[in-house]
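Colleague: Please find one structure pasted underneath; my questions will follow.
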Amino acid sequence: MVEPWLGYQLLLLLLLGQWDRPCCPQIPGTPRPAAPTASCLFPRSPHGLLSILLQTMDTWVLWFLLLQSIVHYPQPVGDDLDEATHLLMEERAKLQEHERIRLELEVEQLALMQSGPSWGDLLWSALQAWQVWALVGLLLLLLPLWFMWRKRRCEAEVNGEREKEKETDEEDEARSYDLAWLLEERIQWPVQDLQAGCDRTTAMMEKLLSALRRALVGTFFPVLHQAIGFGSAFEGWTESGEESVYHVLVPLTAPSGHIFRLERDTDWLRPGRNFRVRAELVCSCPRGQEGVNMLCFRHHPDVIGMLTEQPNLLDMLCTGSYLDVEKTVYFFYRLLGVSWQRLPESRSWHLALHCSQRFCHLRLSNGQESFQVQVMLGLQRFTSDIFISSRPRGAHTPSTVWPETYSMAETKFFRHMARQLPQDSSHLKCLQLLAAAFQECKGFSIHSIKTIIMHQLNTVPLSQWHSRYFLLQLSDVLEQLRLALQKKHLQHFIVGNQRLPEEIRLPPDVRTARPSNLFHSLWQDRAAHSQAMQAYLDLRHRLARLLAYGHC
């Protein structure tokens, strides 16, 4: 194939009439060569087709061939470049195209930022997203269905809960009926109405002491304070299992010409808070005439003794200058026997009297019913609900020591709680049942159980004392008793208690005192602790028999 540049050169030579001239330039100073021939233009080759054509064809044929090669076979310029150059040119073209696209995008973005999007375009773009609107429509259709399903499910749950509550109420009613039958029919209660028993005992003792005051004008036995009922019911001894023992506190006041001064016991080894009562004579003479009045106990005790024909109080009831518990109780016992004969009730009731060192025991019966009364003597501290009494504290309490008692404050607490608790509260039945199954032992008394119940009343929600929870509360009391015996610690309920109702009046030293441990003696006596634990097990056994068979 003839190269393109060669064809163009031949064409140029023909047009200029240079075909007869040599193609090589002449060098100056050299002779002019002869006319060129075909062999001068093209190399000789025995096999070359071009040399034969140039020799045989005329000029017009050559013109025709040259024109035909130019018209029919045009070749692109630069087709002789290598492959590496082609690749570089293609890559550069691609880079330029990418750069052009990037610049166009930047220009469009800049134009949008300057002009801002139109609401129409945004709305149109949103309308174009038909998939989103289709999803929203589907959700709007499903939402009412979900609400309907949720409503039906809630109604089903409410109906189910109502059915369960109805079944629970029916079970509670059945359980309450069974429990009421168990408490009222199976168990042989000593006294069904403790309040009625307390009121009857108080009225009887009021009449008895009224007759005693009429017989001994000027003595120091005033009006009966009141019976200690509820929590103290059953406390003490019983002659038979069918009788209840009521405890009555008779407060003493000093007679005319005398004064009682309370002194705290200095023996700190003795458990609890104890006092001594100093009895002193007081001058009753008018001012400025001391010793003139012939009835002054302090200046003329002998004259008064002859006139009244009564022994001297200090000599009869005191040991030294302190009031003696045993002498005072015995004196009161003798007065009761004399006063009873003056009461109309003595014709229908039979009175049996018994005197111990620190108590007077009465048993009243009329052929149909009988009850026992344990009388304690005491003195009130200021105007509070705290007394010192003849109740012993320990096995060897000196006769001149009067322990502090909190029975009145505890009684007022039970009365306060009775106004707060449900009408069918089970706290009294719980105490009464435990007292019926309890047997006194060393270091462990029914007062310990009463203390635990008072702590429970002060902490457990009031609604939990409903009769339907009777067995649960009974179990809780027993568990608290077991833990207290194991730890050898039971905190006093009154002393140092800052959560008592305001109506319970306490002396300042009692309210701010450190609570004492009612099981303090168990730390010192291992045998007493073992005995107390055995008494607890016996209590559970007797209680189980009482609930199962109605009796111990």
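The values are calculated or read from the model by the stated rules, or taken from the named source; none is laboratory data. The shown structure was predicted, so the numbers you read here are calculated from the model rather than taken from an experiment. Positions of Cβ are generated from backbone atoms using ideal geometry, with glycine treated the same way; all protein chains shown enter the neighbour counts. Please note that ligands, DNA and RNA were not included when accessible areas were found on the heavy atoms of the full protein model with its side chains. Shrake-Rupley method; radii C 1.70, N 1.55, O 1.52, S 1.80 Å.
Colleague: Would it be correct to say that R514 is open to solvent by 70 Å² or more (accessible area, probe 1.4 Å) and in contact with a helix residue (DSSP H, G or I) (Cβ under 8 Å, 6 or more places away or on another chain)? Even if it seems obvious, please write down each step before you answer.
Modeller: Details: open to solvent by 70 Å² or more (accessible area, probe 1.4 Å): yes; in contact with a helix residue (DSSP H, G or I) (Cβ under 8 Å, 6 or more places away or on another chain): no.
No: the conditions fail for R514.
Colleague: Inspect segment 535-546 for any residue being open to solvent by less than 70 Å² (accessible area, probe 1.4 Å) and touching a Pro at 6+ places or on another chain (Cβ under 9 Å) and give the result as yes or no.
Modeller: Narrowing segment 535-546 to residues open to solvent by less than 70 Å² (accessible area, probe 1.4 Å): 535-536, 538-539, 542-544, 546.
Next, only the ones that are touching a Pro at 6+ places or on another chain (Cβ under 9 Å) stay: none.
No, the conditions are met nowhere in segment 535-546.
Colleague: Filter segment 379-403 for residues that are closer than 21 Å to Q524 by Cβ and open to solvent by less than 10 Å² (accessible area, probe 1.4 Å) and give the result.
Modeller: Going through segment 379-403, the residues closer than 21 Å to Q524 by Cβ turn out to be 392-398, 401, 403.
Answer for segment 379-403, where residues must be closer than 21 Å to Q524 by Cβ and open to solvent by less than 10 Å² (accessible area, probe 1.4 Å): V401, P403.
Colleague: Here is a follow-up. Tell me which of these H492 doesn't satisfy, since it passes every other one: (1) at pLDDT 90 or above; (2) open to solvent by 20 Å² or more (accessible area, probe 1.4 Å).
Modeller: (2)
Colleague: May I ask you to verify whether T451 is open to solvent by 50 Å² or more (accessible area, probe 1.4 Å) and among the hydroxyl-bearing types (S, T, Y)?
Modeller: Values: open to solvent by 50 Å² or more (accessible area, probe 1.4 Å): no; among the hydroxyl-bearing types (S, T, Y): yes.
So T451 does not fit the description; no.
Colleague: Quickly run through segment 478-498 and pick out the residues that are under 12 Å from T451 (Cβ atoms), aliphatic (A, V, I, L, M) and out of contact with any Leu (no Cβ under 6 Å at 6 or more places or on another chain).
Modeller: Of everything in segment 478-498, those that are under 12 Å from T451 (Cβ atoms), aliphatic (A, V, I, L, M) and out of contact with any Leu (no Cβ under 6 Å at 6 or more places or on another chain) turn out to be L481, I494, V495.
Colleague: Another question, if that's okay. Out of E326, E345, which single residue is assigned to a helix (DSSP H, G or I), open to solvent by 10 Å² or more (accessible area, probe 1.4 Å), at pLDDT 90 or above and among the charged types (D, E, K, R)? If you could, list the steps in order and put the result at the bottom.
Modeller: Working: E345 fails: at pLDDT 90 or above.
Criteria check complete, one pass: E326.
Colleague: A further question follows. Contact list please: Cβ distance under 7 Å, first residue in segment 328-345 and in contact (Cβ under 8 Å) with a residue 60 or more places away in the chain and among the polar types (S, T, N, Q), second residue in a helix (DSSP H, G or I) and surrounded by 14 or more Cβ atoms within 10 Å (Cβ to Cβ), pairs at least six apart or on different chains.
Modeller: Sorted first by the residue in segment 328-345, then by its partner, the pairs are T328/L317; S339/L208; S339/A211; S339/L212.
Colleague: How many residues does segment 512-541 contain that are charged (D, E, K, R) and under 19 Å from I452 (Cα atoms)? Talk me through it step by step, then tell me what you get.
Modeller: As a first pass, look at segment 512-541 and keep what is charged (D, E, K, R): 514, 525-526, 538, 540.
Then drop every residue that is not under 19 Å from I452 (Cα atoms), which leaves 514, 538, 540.
Residues flagged as charged (D, E, K, R) and under 19 Å from I452 (Cα atoms) within segment 512-541 amount to 3.
Colleague: Oh, and also: Restricting to segment 518-552, count the residues that are in contact with a helix residue (DSSP H, G or I) (Cβ under 8 Å, 6 or more places away or on another chain) and polar (S, T, N, Q).
Modeller: Residues in segment 518-552 being in contact with a helix residue (DSSP H, G or I) (Cβ under 8 Å, 6 or more places away or on another chain) and polar (S, T, N, Q): 1 in total.
Colleague: Condition first: crowded, with 17+ Cβ neighbours inside 10 Å, under 15 Å from I386 (Cα atoms) and at pLDDT 90 or above. Now tell me which residues in segment 250-274 satisfy that.
Modeller: Within segment 250-274, R273, N274 meet the criteria.
Colleague: Please work out which one of (1) at pLDDT below 65; (2) assigned to a helix (DSSP H, G or I); (3) surrounded by 10 or more Cβ atoms within 10 Å (Cβ to Cβ) is the condition W149 fails and give its number.
Modeller: The number of the failed condition is (1).
Colleague: What are the residues in segment 197-215 that are at pLDDT below 75 and open to solvent by 40 Å² or more (accessible area, probe 1.4 Å), if any?
Modeller: The answer is R213, R214.
Colleague: Being in contact with a Lys or Arg (Cβ under 6 Å, 6 or more places away or on another chain) and either crowded, with 19+ Cβ neighbours inside 10 Å or closer than 23 Å to A395 by Cα (or both) narrows it down to one of W523, W465, so name that one.
Modeller: On the way: W465 fails: in contact with a Lys or Arg (Cβ under 6 Å, 6 or more places away or on another chain).
Of W523, W465, the one residue that is in contact with a Lys or Arg (Cβ under 6 Å, 6 or more places away or on another chain) and either crowded, with 19+ Cβ neighbours inside 10 Å or closer than 23 Å to A395 by Cα (or both) is W523.
Colleague: Give the number of residues within segment 360-376 that are over 15 Å from Y333 (Cβ atoms) and open to solvent by 60 Å² or more (accessible area, probe 1.4 Å).
Modeller: So the count comes out to 3.
Colleague: Output yes when any residue across segment 279-287 is at pLDDT 90 or above, surrounded by 19 or more Cβ atoms within 10 Å (Cβ to Cβ), under 60 Å from the mean Cα position of the chain (by Cα) and part of a loop (DSSP other than H, G, I, E, B), and no when none is. Explain how you work it out, then say what you get.
Modeller: Applying the first criterion (at pLDDT 90 or above) to segment 279-287 yields 279-280.
Subset that is surrounded by 19 or more Cβ atoms within 10 Å (Cβ to Cβ): 279.
When the remaining residues are screened for being under 60 Å from the mean Cα position of the chain (by Cα), the result is 279.
When the remaining residues are screened for being part of a loop (DSSP other than H, G, I, E, B), the result is none.
Among the residues of segment 279-287, not one is at pLDDT 90 or above, surrounded by 19 or more Cβ atoms within 10 Å (Cβ to Cβ), under 60 Å from the mean Cα position of the chain (by Cα) and part of a loop (DSSP other than H, G, I, E, B), which makes the answer no.
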